[in-house]
Amino acid sequence: MNYPQHLVGWFLDLLFPAKCIFCGLILGDNKYVCHKCLRSIPLYKKFECIGCRRYSKFGRTCFVCRKGNFVDHIFVVSDYGNNKIKKLIKSYKYRFIRDLYRPIASLIDKYLFWLSNKKQFNIFQNNPLLVPVPLNKYRLNWRGFNQAELIAQEIGRVMHFDLASSILIKIKSSPQADIEKRGERLANAIGKFEYDGDQLNGREVILVDDVCTTGATLNECAKILKANGAGKVYSLVIARG
């Protein structure tokens, strides 16, 4: 343990205790969402195709959209239209509150429990590999952490599954958030990622990311993974914009 750093952290927490980002309740110990507010965030209990967004059983990519999409299923944990989930994601990404990965991972655990126990669909049954969507090195340096990677690490720790944080590399920095048209987003995602790992030999993969809009980034990642031997590719996202 780094005792000086721990002591400084304790002192700062004493002077400026962490508060719930929603209700303002003082929590301390680097906790930013109280249990009551976290429980109030609803799960997204609908399934839809990643392409056309029409209903599809367990988020399977429909027959029509399958030609241009490489993600086999998409699972969306919560609704981006909900003000709390929107604030949670934006605080995590743009206010740089690193420790928000914990309540987000807790929300994902709750969703996976619902999916497995209420819907009898277990995406972990074939021992898939958890792969976070990577950040470009400049974006990573700016933010200080990869939000998807922290979430994937926590899921892997709780569920005891393998994590591969570095097999996908983002080689181009061209953010999707500023692009509104679907066609332009799809074109912008092409050629942004490279693979750096062993052949996956048919192993299933769960791609973890924060927000899916058109699915362009997820599909480009899935395309690279399948080109290097991945079996089914599931996508697990906090919300869909």
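Kindly list, by first and then second residue, each pair from a residue in the range 23-37 that is in contact (Cβ under 8 Å) with a residue 12 or more places away in the chain to a residue that is of a type in the set (Asp, Glu), limited to pairs with Cβ atoms under 6 Å and residues at least 6 apart or on different chains.
Cβ pairs passing all conditions: GLY28/ASP13; ASN30/ASP99.
Looking at this structure, is TYR101 in contact (Cβ under 8 Å) with a residue 60 or more places away in the chain and either not small (Gly, Ala, Ser) or not in a loop (DSSP other than H, G, I, E, B) (or both)?
no
Out of LEU135, LEU107, report the one residue that is surrounded by 15 or more Cβ atoms within 10 Å (Cβ to Cβ) and either modelled with pLDDT of 95 or more or farther than 24 Å from ARG203 by Cβ (or both).
On inspection, the qualifying residue turns out to be LEU107.
Give the residues of the range 37-57 that are over 22 Å from ILE85 (Cα atoms) and surrounded by 12 or more Cβ atoms within 10 Å (Cβ to Cβ), sorted by residue number.
Within the range 37-57, GLY51, CYS52, SER56 meet the criteria.
Which residue out of LEU107, LEU88, LEU135 is assigned by TED's automatic domain parsing to the domain that holds GLY156 and either part of a strand (DSSP E or B) or under 24 Å from TYR195 (Cα atoms) (or both)?
LEU135
Please specify each residue of the range 186-241 satisfying the condition of being within 29 Å of LYS84 (Cβ to Cβ) and part of a loop (DSSP other than H, G, I, E, B).
Hits for the range 186-241 are THR213, THR214, GLY215, GLY241.
LYS170 versus (1) at pLDDT below 95; (2) among the basic types (Lys, Arg); (3) surrounded by fewer than 18 Cβ atoms within 10 Å (Cβ to Cβ): which is the lone unmet condition?
The single condition LYS170 does not satisfy is (3).
Restricting the range 86-104 to residues that are of a type in the set (Val, Ile, Thr) and under 13 Å from the mean Cα position of the chain (by Cα), which is surrounded by the fewest Cβ atoms within 10 Å (Cβ to Cβ)?
Step by step, filter the range 86-104, then rank; the result is ILE89.
It is to be established whether one or more residues within the range 9-16 are at pLDDT below 95 and in a loop (DSSP other than H, G, I, E, B).
Yes, the range 9-16 contains at least one residue that is at pLDDT below 95 and in a loop (DSSP other than H, G, I, E, B).
How many residues are aliphatic (A, V, I, L, M) and crowded, with 24+ Cβ neighbours inside 10 Å when one looks only at the range 215-232?
Total satisfying the criteria: 4.
If only one of ASN30, ASN83 is more than 25 Å from ALA216 (Cβ to Cβ) and in the same structural domain as LEU107 (by TED's automatic domain parsing), which one is it?
On inspection, the qualifying residue turns out to be ASN83.
The values are calculated or read from the model by the stated rules, or taken from the named source; none is laboratory data. All values reported here derive from a predicted model rather than from experimental measurement. When we count neighbours, we look across all protein chains shown, and the Cβ atoms used for this are built from the backbone with ideal geometry, even at glycine.
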